[in-house]
1. Do you know the relative contact order of region 1-46, to the nearest whole percent, from alpha carbon pairs under 8 angstrom that are 6+ apart?
2. In whole angstrom, and with the biggest value first, how far do the Cα coordinates of region 114-253 range along each principal axis?
3. With each pseudo-label sitting 7 Å past Cα toward Cβ, what's the GLU40-ARG136 distance in nm, one decimal?
4. Given points 7 Å out from each Cα along the Cα-Cβ axis, report the GLU143 to SER2 separation in nanometres with one decimal.
5. Going from the alpha-carbon gyration tensor of region 116-185, what semi-axes, largest first and in whole Å, does one get by taking the root of 5 times each eigenvalue?
6. Report the extension gain between LYS121 and ALA194 in nm, rounded to one decimal, defined as 0.36 nm multiplied by the number of residues separating them, less their alpha carbon distance.
7. Would you kindly calculate the translational diffusion coefficient of region 193-253, applying Stokes-Einstein with the Kirkwood radius from alpha carbon pairs, for 37 °C and a viscosity of 0.692 mPa s, and quote it in µm² s⁻¹ without decimals?
8. Taking the Cα centre of the chain as origin, sum charge times position over the Cβ atoms of Lys and Arg (+1) and Asp and Glu (-1), and report the length of that vector in debye to the nearest 20.
Amino acid sequence: MSISPIPAFSDNYIWCITSGADAVLVDPGEAAPALAYLREHHLQLTAILVTHHHPDHVGGIGEIIEKCGDVPAIGPKSSTSALNCVVADGDTVAVHGVEFTTIGVPGHTLDHVAYFCAENKLLFCGDTLFAGGCGRLFEGTPEQMLESLGRLQSLPADTRVYCAHEYTLNNLRFALKAEPENADLQQRYRETEALRAANRITLPSTIAVEQKTNPFLRSAIPSLQRNIAREHDLDNYTQVEIFAALRTWKDNS
């Protein structure tokens, strides 16, 4: 089984999971690049996985099914009418004979799910966990997002993290504002800057890397809490208040 990124729009990635000539697409928001990739690599589409309902994640599904045939389109109930297999937290789906568990991760949207393969330690997390960041809270609350990120953070440290956007450099630039003393973060920023200068992808990440460098997974770290509290004039704060202040800071940066 191999995993390849298909660039879409300005900064999306549609992930293509292949086994031999069979392919599964994750969050195909745009049909044209996905269809072109399948054609170019002589792949047969066998399923589609969806993490949430935003158009840049589901917009291409109708055309793809029209061109490729009526394959299983798997995702949360409210994500798109093109689905023919609805999943929720704790369900399992088989991809190329390998089992993925669905993890409910509300926050960015209320219907958001992630797909985790324990056998191969793979995570497809849409717009919940980003490399160096997390998704905006369009529908959920800070409490929900903090809990959702906690669920993902508890996965094995060597789990590979496949998120849906090339936001890494911008996320790390902000992270350095929140935690300028973090040496691991400084090193990751330099490496990411070099990758993007060479027009190379920065994904996948790993849970271990995110735990060391992603401020949204570090809101319990006292030094980071002090930085955020100072920036936002917080006293007697909770972890949720720190997380909410961090997300607001990022939104306005």
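Here, each number is a calculation from the coordinates, and none is a lab measurement. On a predicted model such as this, the values are computed, not experimentally measured, just so you know. Here Cβ is always computed from backbone atoms with ideal geometry, including for glycine, and neighbour counts include all displayed protein chains.
1. Values: 71 pairs, mean separation 14.8, N = 46.
Computed value for region 1-46: 32 percent relative contact order.
2. In descending order, the Cα extents are 43, 31, 25 Å.
3. Output for this residue pair reads 3.0 nm.
4. Distance between label points: 4.7 nm.
5. On the way: eigenvalues 83, 54, 30 Å².
Taking √(5λ) for each eigenvalue gives 20, 16, 12 Å, largest first.
6. Values: separation 73, 0.36 × 73 = 26.28 nm, distance 2.68 nm.
Residue separation times 0.36 nm, minus the Cα-Cα distance, leaves 23.6 nm.
7. Numbers: Rh = 13.1 Å.
Using the Kirkwood radius from Cα pairs, D works out to 250 µm²/s.
8. On the way: 19 positive and 31 negative charges, 124 e Å.
That gives the chain a dipole magnitude of about 600 debye.
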